[in-house]
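Notes follow the structure.
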Amino acid sequence: MSADPDALDGFDAFDAFDYLATMVGIGAADGRCLFVNSTLENLIGQSRRTLRRGSVFDWLVDSARLRETLASVVNGEVSCGRFDGVLKRPASLGPAADLPVHVIVSQMDHAERVLIELIEVEQQTRLDREERAHGLAQANKELVRNLAHEIKNPLGGIRGAAQLLAMDVQSKELTEYTQVIIHEADRLQALVDRLLAPHRRPHVVGDVNIHEICERVRSLVMAEYPRGLTVERDYDTSIPEFRGDREQLIQAVLNIAHNATQALAERIAAGDAEIVLRTRVARQVTFGRKRFRLALELHIQDNGPGVPEAIRDRIFHPLVSGRENGSGLGLTLAQTFVQQHQGTIECDSVPGRTVFKLLIPLP
């Protein structure tokens, strides 16, 4: 790398770093931050401009090893130093958001600068998990659709036969039995319709403003829970509109918000329940094995008890629910609707903080 130091002001010499999936920064001998790439900016949760006003030592939970390694590289004692550390993430995401990383500090052609690369320890595991989840979602979708069709046809016959019986029987007791059959057939029909809805509903594609969607969902939730629940907004109003199905996305966000309110039942009764709707732009992100220049991040966060550990890895599977009377379809439908926008949903949950993150590519 033979760039002039002054080129840092325009970052022209380092544009290529923005295409890397790993986090890269450039620091001065005294620890001043001279440059960060888009991946580091995104994962650390602060803008490039803000990071450049600070120090590279602020990136890690424990900066001692970074100070020591940076000094050794700048002084020429070693050309490259490696160690494991923990990247600090936004406090709003909680302590579990801090990210284990492998840190590599290398010499550059300019003696007063060092190249700092941070590699997620869990990166490959996360990518493999995303790929498995996507493949499983596609398989589940086909299974559910086929199963729903197989149930739907005989269900109509059962209901029709029960109606005919109800017309002929004279006994009040037998009539009640036929009404039970009809009622249960209708309930199963409604369940089948919900299973088939994502596949049969036509796409109404138009310009979508994510904050209009958030406000619609917020108004619906606040109307249902006027007391005991606060729905906070934390919006990045610079996020552009994108092409999508507005009604599908409203339903996806509403399903997640409804799940949150149900998990917050005790806190709503106590009067300290909270849901946060947070929007951000992520740059140069990879999900579903695809890389996107820009993506919308919508965080739906609550202060409930968290997703039960027994179902945490299966919450997007159909008919899996943490509630006794839950249908287990809300998150499945939400994931399906978001995937139809080339996006995905991720979940990070610990007691006291659950975050569902919707990722959707932006133009």
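Laboratory data are not the source of any read-out in this text; all were calculated from the coordinates shown. For clarity, every value in this text was computed on a predicted model and none was experimentally measured. Reconstructed Cβ throughout: ideal geometry from the backbone, glycine too, with neighbour counts over all protein chains shown.
At a glance:
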| read-out | value |
| --- | --- |
| Ordering of 107-118, 33-44 by burial proxy (mean other Cβ atoms within 10 Å per residue, highest first) | 33-44, 107-118 |
| Calculated FRET value between residue 98 and residue 193, using beta carbons and R₀ = 41 Å, to 0.05 | 0.40 |
| Residues residue 220 and residue 186, FRET efficiency given R0 of 25 Å [Cβ-Cβ distance, rounded to 0.05] | 0.45 |
| Separation of the residue 109 and residue 68 label points, Cα + 7 Å toward Cβ, nm | 3.3 nm |
| Estimated inter-spin distance, residue 270 and residue 20, nm [label 7 Å along Cα→Cβ] | 4.5 nm |
| Within-14-Å neighbourhood charge of residue 212 [Cβ basis; K, R +1; D, E -1] | -1 |
| Loop-located chymotrypsin sites (Phe, Trp or Tyr not before Pro) in segment 218-305, at most 15 other Cβ atoms within 10 Å (DSSP) | 235 |
| Paramagnetic reach from residue 235 (point 7 Å along Cα→Cβ, amide N under 13 Å) across segment 264-296 | 277-280 |
| Spin-label model distance (nm) - residue 293 vs residue 79, 7 Å beyond Cα toward Cβ | 3.6 nm |
